[in-house]
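Shown next, in structure tokens, is the structure this report addresses.
The values are calculated or read from the model by the stated rules, or taken from the named source; none is laboratory data. Only a predicted model underlies this, so the values are computations on that prediction, with no experimental measurement involved. Reconstructed Cβ throughout: ideal geometry from the backbone, glycine too, with neighbour counts over all protein chains shown. The area values use the complete protein model at the heavy-atom level, side chains included, leaving out ligands, DNA and RNA. Shrake-Rupley method; radii C 1.70, N 1.55, O 1.52, S 1.80 Å.
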Amino acid sequence: MRDGSVGSGGLRVLVLVGVGGHGDPWHALEATGARAADALRAAGAEVEVLRTDQADALPDALSGADVLVVNVSGDPALPPPDSAAIVDAILAHAARGGGVLALHSSTLAFAGDPRWSALIGGRWVPGVSGHPPIGEALVRTAARASVEPELELPADFVLHDERYSDLEVAEGVTALAFHKEGEAEHPLVWVTEATDARAGRVAYDALGHGVESYDSAERRALLVALAGWVAPAASTTA
């Protein structure tokens with residue numbers, strides 16, 4: 001049984017960072033990917049970082065990974081690059097039981113391949129999705145839903161970050177953290193269980209616009225908790 005921890009079990013994590021057409025003008029993905037990697041290493045994980053321009057190495061890198069963390073984006077104003085080979089490798093990883101944790105702008109990633117948004121359970125919709133100005137953000141993690149095994153999230157906390165709003169969120173995901181904009185509440189974190197076609201678990205964490213996000217101890221704890229939850233059982237036990 002998965003215990004939802006990283007701990008001393010030697011969890012093997014691959015962080016995929018978007019560059020070139022898999023980036024955008026607004027996010028310093030290599031910098032935030034490095035901060036995410038550092039947070040996971042500090043929790044005891046073995047972490048490798050790979051860029052999307054090294055995609056030929058992705059299948060081999062994933063063969064040795066328990067969890068894939070995706071820190072990728074895309075510019076909605078430009079034609080999306082061909083990402084079929086990358087998505088193929090990610091889906092193969094999830095099919096054999098590997099966990100997938102998508103971060104922040106990854107809801108804009110691989111826009112030319114609907115298999116990606118179907119996997120993570122949501123996407124950024126140009127002209128619909130948005131965010132208030134970046135700044136102090138209250139993340140609400142009060143219990144609204146439960147998952148098995150239990151996923152322990154930090155209590156409500158404040159950090160400097162960008163709050164994505166009006167994302168397209170699929171039915172069937174379990175939303176676990178939210179922010180409020182006006183009278184509307186928007187999910188910031190959701191998870192999906194394994195399915196008949198996919199043995200691995202998947203989570204989406206909308207935080208992490210800039211490196212300042214990772215200055216928050218609660219934000220780092222959230223990242224680590226989600227990585228542990230999506231990990232295969234044999235990799236999360238000490």
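Gain in length, residue 56 to residue 88, computed as 0.36 nm per residue apart minus the alpha-carbon separation, to one decimal in nm?
My answer for the length gained is 10.4 nm.
When the accessible area of segment 1-92 is computed with all protein chains present and a 1.4 Å probe, what percentage of it is carbon and sulfur?
Accessible surface attributable to carbon and sulfur in segment 1-92 totals 52 percent.
Taking the full set of protein chains and a 1.4 angstrom probe, give the accessible area of residue 12 in square angstrom, rounded to the nearest 10.
Approximately 100 Å² for this residue.
Restricting attention to the alpha-carbon atoms of segment 100-238, what are Rg (one decimal) and Dmax (integer), both in Å?
Calculated on Cα positions, Rg and Dmax stand at 14.5, 46 Å.
Is segment 40-134 best put as rounded, prolate or oblate by its Cα gyration tensor, with a ≥ b ≥ c the root eigenvalues, rounded for a/c under 1.5, and otherwise prolate when a/b is larger than b/c, oblate when not?
Prolate, because a/c is 1.5 or more and a/b exceeds b/c.
Assuming R0 = 41 Å, what is the FRET efficiency of residue 138 and residue 193, from their Cβ-Cβ distance, to the nearest 0.05? Please report the intermediate quantities before stating the final value.
On the way: r = 28 Å, r/R0 = 0.68.
Result of the calculation: an efficiency of 0.90.
In percent, how large is the relative contact order of the chain, given Cα pairs closer than 8 Å and 6 or more residues apart?
Result for the chain is 28 percent.
If each DSSP helix of 4+ residues adds -39,500 (n - 2.57) and the sum is divided by the residues in the chain, what number results at 222 nm, nearest 500 deg cm²/dmol? Could the numbers behind the result be given before it?
Details: 6 runs with 57 residues, N = 238.
After summing the helix terms and dividing by the residues of the chain, the value is -7000 deg cm²/dmol.
When the chain is fully extended, how far beyond the present Cα-Cα distance does residue 77 get from residue 128, taking 0.36 nm per residue of separation?
That pair, residue 77 and residue 128, stretches by 17.0 nm at full extension.
Anyone know which of 161, 53, 205 comes out most mobile in the 10 Å Cα GNM of the chain?
Largest GNM mean-square fluctuation: 53.
Just to be sure I understand: with springs between alpha-carbon atoms less than 10 Å apart, which residue in 134, 90, 120 has the highest mean-square fluctuation in the Gaussian network model of the chain?
Largest GNM mean-square fluctuation: 134.
With 10 Å bins from zero, work out the P(r) of the chain over every alpha carbon pair and list the percent per bin.
Each 10 Å bin holds this share of Cα pairs: 8, 37, 40, 14, 1.
When the dipole is taken about the Cα centre of segment 92-184, and only Lys, Arg (+1) and Asp, Glu (-1) are charged at their Cβ, what size is it in debye, to the nearest 20?
Values: 7 positive and 13 negative charges, 56 e Å.
Taking the Cα centre of segment 92-184 as origin, the dipole is about 280 debye.
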